[in-house]
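Heads up: the structure comes next, in structure tokens.
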Amino acid sequence: NLVGLYDEVRKVNKHFVQRLTNIRVRDASLNALVKLDCFAMSVEFTVKQGLVEDYRQLFAPFLK
């Protein structure tokens, strides 16, 4: 399911940030991963709140 998939993505992001931090990577790379993690959280929230259809209708003109 979609929520489970994005939960796994969040786990990967978390561990990837830890690895990058350990090799002293800073700023842009870590910020990009934080943004990916925020996106994963928003997908989970959207599905759990039943907002998928609302978003589908909102973006329908762009998906044609």
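The values are calculated or read from the model by the stated rules, or taken from the named source; none is laboratory data. Worth saying up front: this structure is predicted, and the values here are computed from it rather than measured. Using ideal geometry, Cβ is built from the backbone for each residue, glycine included, and neighbour counts are taken over all protein chains shown.
Quick notes on this structure:
- Candidates Glu53, Glu44: the one that is exposed (fewer than 13 other Cβ atoms within 10 Å of the Cβ) and modelled with pLDDT of 80 or more is Glu53.
- Among the residues of the stretch 1-31, the ones that are surrounded by 12 or more Cβ atoms within 10 Å (Cβ to Cβ) and small (Gly, Ala, Ser) come to 1 in all.
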